[in-house]
Structure formats: structure tokens, C-alpha cells
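A quick write-up on the structure given underneath.
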Amino acid sequence: MHRPLRIAIGGIHIESSTFSPHLSTADDFEVTRGDALLARYAWLSPARPWAADVEWLPLVHARALPGGAVDAASYDAWAAEIVDGLTRLGPVDGVLLDIHGAMSVVGRTDAEGDLVTAIRSVIGPQPYVSAAMDLHGNVSPVLFTGCDLLTCYRTAPHVDVWETRERAARNLVEALRRGQRPHKALVHVPILLPGEMTSTRVEPARGLYARIPEIEARDEIVDAAIWIGFAWADQPRCRGAVVVTGTDAEAASRAARELGEHFWAARDEFAFVAPTGSLDECLDTALVAIGDPTRRPFFVSDSGDNPGAGGADDVTYALARMLARPQIRDGAVRAVYASLVDPDAVAQVADQPLGTPVSVPVGGRIDTRDPGPVRLDGVLEAVAEDPDGGRCVSVRVGGLSVFVTSRRMQYRQLASYARLGVTVDDVDLVVVKIGYLEPELFAAAGDWLLALTPGGVDQDIERLPYQRLLRPVFPLDRDFAADLTVATR
């Protein structure tokens, strides 16, 4: 008699900079279990035809804004919960692993590899495991071996996150129903680049990822995926990767090598997605450009402390440079700085009436690099509750609104600015802790520069003190022949 497939779902989703002093703990994560976990997935509400006749079994899912390495106790607790949950469930046909792929855990060098190994220790070698990942994740040999199917986003900025998770689930169900374990092929590409040089909005990444549909259209291919890798962790697994899965081993290997060779051949074409410069160079350009209304609001990315990549979110370098500009301090230029995390500073001022003069040091508590805490002598102009940042305030200093949050967050959506009374169309200059502009900001910007600022996710990766990477790797090394060996399982 036919029975429904039994598929468990769980994972831990974060990217972690090992160069950031921030420590990610359980308090940074949103954790879902039970029906709430299943409710995350649109293909179950209602069930798509391919997802019907499947018993979906929730484990636990923990997700956080990128940050520093995860403390071992938090990771161990969730990994144990996943393992214990699988033990209680008994035999399963498959596991959907909903992960990022660039999690770092204190004391470990391959967190996702550890996780899939723990899962296999319970379910054994027969059930299929399918991983849905971020293209900025890493595919270690251990992760590749432990999974039967791996896929990742195909856009950066990421607009296909849920599509990718659905694809990973559908590929798993279809493979189980075929009753044939997929053949898979991996090529590690010795390239390590920041995401801001590999946006799929522009070439060569746009063309590279555009090859995937043609590969997948081949009869023997199930899925093709390209990982850029994660540049801000000092671990051997950090590098580009291609994985192709299919019903024919030779076809999968051939396609993986083909994509790997295209990736390697494009290495010298990768460039930052916006003009770059030091923070002061970017401010010089912006303050001239805003004389042209078509270039307002002018955005500058404070990219080295981008919390969306793992930055501490409290480096004050860019804020100090803005406050040093007379045009901003005297109000001739209307500007916004978004943002700094400092719950103590928020607590000191948030309960005062709007319009109250305040004097409060902000930032420099997590990442203490120069200039450290900066004192804001200004006026409390707004207080708001933000679903990401918690209680937030805006302190006005001359023409500058400084956003200070209680939790780390990235000001990537216009609604977050509006909560603190700012419509970006009415502003001359926005300096935001971000890398490439997320879609809403990109659409709103009159012009944009990417400032190469200091921080735990420094875009100039040659300034980072790598010690454990597998070398050679481009662009840290340039005069070498790539080993594009295809690994198969």
C-alpha cells in the first residue's frame, strides 16, 4: 500500500564574519518550531500538487541577521534539538535543510558540515538530504558528501529566496518519488570575492547565472547551482563552488566543469557594482552632486560595517567623518546616518519629550576601532518601535539625523526610515550601513557610491588578516592555474 513520504524540515540560517568582534547568541535569532515553522513555506498553504501526499515534519529553524561567529552553546542547543527531533520522529525519507551556508561557530571551521554530519548520524545513509542555501554560502567537502541535493539563490540582491527553498523541497520530493539517488558533481573555483563585486544585476555574474536555465533544460540535469562563497570568514571552505545534480553522472560532471570554467574565466571581469572610494572621497563627491536635484537623494554605503554581511553595526568612523563636515553640521545639507546599534544610548534618551536637547555617546561598544564612541550633542527628534531594530531613536545634529537602534538592523527598507519621520526623497544625503543597495533603496537613489570603510566586513579583502584560507585563491593570489577538478558522489 502506498504511504506518504515523511520529510523533516529544519536548519540554522546565518552568515558570520570571523573578522567581526560581534558574538551572535540565541538572543539574535528568530526561532520557529511546529506549525509556525511549516507556515513559513508557501508551498504548504495550500500544498502544491508536488508537495501533497507528503508528511512534512517540523524540527526547529533558527534565523538571524548576519553577525559575528555564533557562540558554541547556542549552536549546540539547536543542533541537539534537530538531532533529538529526528530521533523521536523515527524513520524519515528525507530532510530539507534550510540554511545559509556561511555560519561560523566559535571553535569550529565548518559549521554546516558539522550539522549535516550530526543529522546523518541519526538518519543514516539512506534518506535523502536536500539543502537550500544562500549563494554567499560555502560548500565544504563534508557538506557536499552529506547532502544528496544542494541548491542556492540565483540573484544578488536576493529576490529568489523563497523560490530557492521551494526548489530544494520540490527537487527532494521528485527525487524520492523517482527512487533514484541523484548523481552530483562539485567543482571548487579558487575565487573569493565580496558580494558587492558579484551582483547579478551586472556582468559578469549576470551572464554566469544566466547559464543555469540552459544547463537545467538538459534531460539528465536536475539542478545547477553556483556559490560565490563568503569572503569574510577565515576558513578553508571559503571559495567559489559549482554543484550540479542529475540523473546521469557524466552529464552532471560535464555541466559542473563547464560552469566552473566559465566562473574562473570571468575572474578578472568582476568589479564593484558602484564607484568606490574612501568615505571622505565619497562625501566630497556627494556634497557637490546634490546641487543637481536629479542626483538626490545621494546614497553612500558604509560598507565595511554592513550588518547585512556580519558587521558589528556600531563602527563610528563614517559618523565622525560626516559630523566633521561644516555643511552637514550647520544644516545646509540635510543628511541621514543609518544607523548605529546602541541600546544603552537609546535607553538614555528615548523617554524624553521630542525636541529635548540631548548629549549622549553612541557606538564603539562592540567594534571599538577608532574613533570609538562619538558624542551626539543634538535634539531628540523621533522615537519608534521597529520590528527589526526594536526601540529606535533619531537624534538631530544640525542637518544630520542619526538613527540609533536597540538591536542590530540594516536600513534597507523605506518603511524603516519613515518610522523615524524621514522620507528619503526629501533628503540630500543618506549614509547607510549596507553594501550593494537593496531593491527599495536602489530604486530611490538619485546616485550612489560605495565607500570602502573599515569594519568587520571590509570590502577591500586584501586588508583582512587571513591565515586559514586554502591558497592560492584569486584575487589574493593571481599568478596560478586553477585546479577545477570535479568531485563526484
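The values are calculated or read from the model by the stated rules, or taken from the named source; none is laboratory data. Not measured: the values here are computed from a predicted model. Counting neighbours? That spans all protein chains shown, and the Cβs are built from the backbone with ideal geometry, glycine included. Note: areas computed on protein heavy atoms with side chains; ligands, DNA, RNA excluded. Shrake-Rupley method; radii C 1.70, N 1.55, O 1.52, S 1.80 Å.
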Legend entry - Close pairs from segment 422-443: first farther than 19 Å from Ala384 by Cβ, partner among the aromatic types (Phe, Trp, Tyr) and open to solvent by 40 Å² or more (accessible area, probe 1.4 Å), Cβ under 9 Å, at least 6 apart: Tyr436/Phe272; Tyr436/Phe442
Legend entry - Test for Thr109: is it over 23 Å from the mean Cα position of the chain (by Cα) and under 25 Å from Ile228 (Cβ atoms): no
Legend entry - Residue satisfying condition, being touching a Leu at 6+ places or on another chain (Cβ under 8 Å) and not in a strand (DSSP E or B), within set Leu97, Leu86: Leu86
Legend entry - Given (1) open to solvent by less than 60 Å² (accessible area, probe 1.4 Å); (2) over 24 Å from Ala384 (Cα atoms); (3) not β-branched (Val, Ile, Thr), index of the condition Pro307 fails: (2)
Inset, instruction - Test each condition in (1) on the phi > 0 side of the Ramachandran plot; (2) in a helix (DSSP H, G or I) for Ala251 and report the one that comes out false. - result: (1)
Inset, instruction - Within segment 276-334, count every residue that is touching a helix residue (DSSP H, G or I) at 6+ places or on another chain (Cβ under 6 Å), of a type in the set (A, V, I, L, M) and under 22 Å from Met197 (Cβ atoms). - result: 4
Legend entry - Positions within segment 418-443 being open to solvent by 20 Å² or more (accessible area, probe 1.4 Å), under 21 Å from Cys392 (Cβ atoms) and not charged (D, E, K, R), in sequence order: Ala418, Gly421, Thr423
Legend entry - Meets criteria (among the acidic types (Asp, Glu), part of a strand (DSSP E or B), open to solvent by 50 Å² or more (accessible area, probe 1.4 Å) and modelled with pLDDT of 95 or more) for Glu30: yes
Inset, instruction - Go through segment 383-419 and give me each residue that's free of Cβ contacts under 8 Å to residues at least 40 places away in the same chain and either in contact with a Lys or Arg (Cβ under 8 Å, 6 or more places away or on another chain) or farther than 17 Å from Pro307 by Cβ (or both). - result: Val383, Ala384, Glu385, Asp386, Ser394, Arg396, Leu414, Ala415, Ala418, Arg419
Inset, instruction - For Ala72, state whether it is modelled with pLDDT of 95 or more, surrounded by 23 or more Cβ atoms within 10 Å (Cβ to Cβ), within 27 Å of Asp305 (Cβ to Cβ) and out of contact with any Cys (no Cβ under 9 Å at 6 or more places or on another chain). - result: no
Inset, instruction - Would you point out which residue out of Ile99, Ile7 is at pLDDT 95 or above and farther than 30 Å from Asp313 by Cβ? - result: Ile7
Legend entry - Lone qualifier among Ala318, Ala338, Ala332 - being modelled with pLDDT of 95 or more, in a helix (DSSP H, G or I) and not hydroxyl-bearing (Ser, Thr, Tyr): Ala318
Legend entry - Filter pass, Ala251 being of a type in the set (Gly, Ala, Ser) and either surrounded by fewer than 19 Cβ atoms within 10 Å (Cβ to Cβ) or more than 29 Å from Gly67 (Cα to Cα) (or both): yes
